[in-house]
1. As an exercise, use a Förster radius of 45 Å and the Cβ-Cβ distance of residue 91 and residue 197 to find the FRET efficiency, rounded to the nearest 0.05.
2. Can you pull the one-decimal nm distance between simple spin-label points at residue 155 and residue 23, each 7 Å off the Cα toward Cβ?
3. Give me the number: length gained by fully extending residue 105 to residue 220, i.e. 0.36 nm times residue separation minus the C-alpha to C-alpha distance, one decimal in nm.
4. According to a simple spin-label model (label point 7 Å from Cα along Cα-to-Cβ), what is the distance in nm between residue 53 and residue 80?
5. Once you have the Cα-Cα distance between residue 65 and residue 118, take 0.36 nm times their residue separation minus that, and quote the gain in nm to one decimal.
6. With springs connecting C-alpha atoms under 10 Å apart, model the chain as a Gaussian network and identify which of 219, 44, 201 has the largest mean-square fluctuation.
7. For the chain, which whole-number percentage of the solvent-accessible area (1.4 Å probe, protein heavy atoms only) is attributable to carbon and sulfur atoms?
8. What order do you get for 115-127, 145-157 when each peptide is scored by the mean count of other beta carbon atoms within 10 Å, highest first?
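The values are calculated or read from the model by the stated rules, or taken from the named source; none is laboratory data. Keep in mind the model is a prediction, meaning the values are calculated, not measured. Virtual Cβ from ideal backbone geometry, glycine too; neighbours counted across all protein chains shown. Ligands, DNA and RNA are stripped out before the accessible areas are found, and what is left, the full protein with its side chains, is counted by its heavy atoms. Shrake-Rupley method; radii C 1.70, N 1.55, O 1.52, S 1.80 Å.
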Amino acid sequence: MLPVCLAGRIPPVAELHFFTGTMDSGKSTLALQTNHNHAARGRVGRIFTTHDRAGEATLSSRLGLTHEALEVADGFDFWTYVVQSLTQGGRIDYLICDEAQFYSAAQIEQLAKIVDELQIDVFAFGILTDFRSQLFPGSARLVELADRMNVLQVEALCWCGKRATHNARTEDGVMVVEGDQVMVGDVEAAGEAPAHVAYEVLCRQHHRRGLTAARAKAVSLAPEPLPFG
C-alpha cells in the first residue's frame, strides 16, 4: 500500500527531467533559475556541469549569470558521490545537471538510479545533437530514460530568421562536419596555425548547405560578374 500524507494525498515521487533545445535557447539560464526556485523553498541541491564556456566547475549562461558547480569528469560516479554525501550526514533534495549531452550513457543511468532508489529529483539540461546532426550519447540515453522531456520554448534563430534546429561548428569561419564530437576552445594541429573554433545555430536547410552567417554575408557582398559584350 502506498504511504499517504496527512492531507490524504500521495507524496510526490522523484523524477528525471530532461530539458533540451539548440544552443542559445536558454538551457543554462533555466538551470540556474530552477536551482534558485528550489533553493528558495528550502530545498538543498547540488549543481553539476562539464565543459562550460566559463571554465571548469562553473555553470554559466549567455546572459552573464554564473554559479559554482561540481565538474563532471569522464570517470565521475554520481551514485557514489550522492550515497557518500548522504552517509556523511549531508542533505540532497535535487540535482541540477547542465551540459548533460557530454555525460556518458553510464552516468545518465546513475542519475536514473538516484531518482528511483533515493527519491532525489534530477534536472538535466543539454542539447540533443552535435555539429554533425548526430545524437550525443548522454542525450540519447536521457531520451530513453527520462520521466519527462521538455523542449525549451525560447527559439534560437538561424541567421535567415527561421527557427534554428541544428548546431554548426566552424573553423576559421568555415563550417565543418568532421572532427571530434567534443571540442572546447581553439585546437592546434602540430606544425599548423591554430584554428579558431566557433559554434552557430542554423535551420536545417542552411546546415545541410553549410551556409553560415559569415558565408551568406560574403556571398551577398561578392561583386557580380561583368556581362559579356
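1. Values: r = 41 Å, r/R0 = 0.90.
Rounded to the nearest 0.05, the efficiency is 0.65.
2. Here the answer is 2.1 nm between the modelled labels.
3. Numbers: separation 115, 0.36 × 115 = 41.40 nm, distance 4.37 nm.
Going from the current span to full extension adds 37.0 nm.
4. According to this spin-label approximation, the distance is 3.3 nm.
5. Working: separation 53, 0.36 × 53 = 19.08 nm, distance 3.05 nm.
Full extension of this stretch gives 16.0 nm more.
6. Checking each option, the largest mean-square fluctuation is seen for 219.
7. Working: 7200 of 13410 Å².
On the chain, the fraction of accessible area on carbon and sulfur atoms equals 54 percent.
8. Values: 115-127: 20.5, 145-157: 14.7.
Top to bottom by mean Cβ count within 10 Å: 115-127, 145-157.
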